[in-house]
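Heads up: the structure comes next, in structure tokens.
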Amino acid sequence: MKKQCTSGYPTGQVGDTIAEEMAGGSWLMASTISPLLSLQRSAISQDRPSVPVVTIVALGDSTTAGTPGFRSPLEAPPNGAGNAESQYGHWLSQTHPEWRILNRGVSGERSDQIRSRFARDVAQAPPEVAVIVAGVNDVYQGHSAESVERELEAMYAAARDARIAVVAGSIIPFNTASADQNARMHAVNDWIRDYAARHPDAVVFCDTRAAVAAPGQPDRLVSSPDDLHPSPDGYKRMAAALEPAIRSALSLRK
């Protein structure tokens, strides 16, 4: 899909001005100029390159949906609801208007639930890049790091089979996490980093946890309205970390 650029002149402005100036002159001359103007406008439009639209699917849980300030289009069809700034996808689209960001986050979902809708929400799009951030609810509910890793690996493999580049984000912190929960999140994040290093042709790692963590406190959010999720500023920081990772992932497709 491409956005077509048009002439810089308002429709009809050039032709109407010349027609007025020719009102008292030769009809033949006016009729000759008019087709020339049309050809000139066409040449201008063709010379200006069109801007390709890049589709990016943001797949994940509440930290993708934009909780607590925003409900994703899957949660509040058709366009979502709430403060649009409370989602990293919003900030990415502000930086890159040519990127079509599809928010496919659902609050409360575990990694296995996210994987179960991969075919519908990602493969059917289909995007150039899928940003996948999942696992925090697994940890919150007491599941092991290994179970999260299995689900993430299945999603990464499905994306590779569909020729979709992946940006693999790390699980971001929540302020009420116990020492054991933080240990499991760090274990998953170390695994994600290692997986990306072993699959550089398909997966780009992004440390989204570090992006939203408080300075000197890697297990706490820099700002949060509920101690569980980022504030709009936190989602903006998340987008800033994801942007170069997405650009790297797009280069994998060239």
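What follows draws every value from the coordinates through simple rules; no lab data is involved. Every value quoted in this text rests on a predicted model; they were computed, and no experiment measured them. Positions of Cβ are backbone-derived with ideal geometry, glycine not excepted, and every protein chain shown enters the neighbour counts.
Can you give the local net charge around E85? Use residues other than it whose beta-carbon is closer than 11 angstrom to its beta-carbon, Lys and Arg +1, Asp and Glu -1.
Neighbour charge sum, excluding E85 itself: 0.
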Please give the length that would be gained between A214 and A81 if that part of the chain were fully extended, namely 0.36 nm times their separation in residues minus their C-alpha to C-alpha distance (nm, one decimal).
-> 45.1 nm
At the level of C-alpha centres, the distance separating segment 119-176 and segment 226-243, in angstrom, is 18 Å
Residues D190, D121, sorted so that the one with the fewest Cβ neighbours within 10 Å comes first | D190, D121
Picking from A183, L92, P173, whose Cα lies most toward the positive end of the charge dipole for segment 53-251 (charges on Cβ: Lys, Arg +1; Asp, Glu -1)?
-> L92
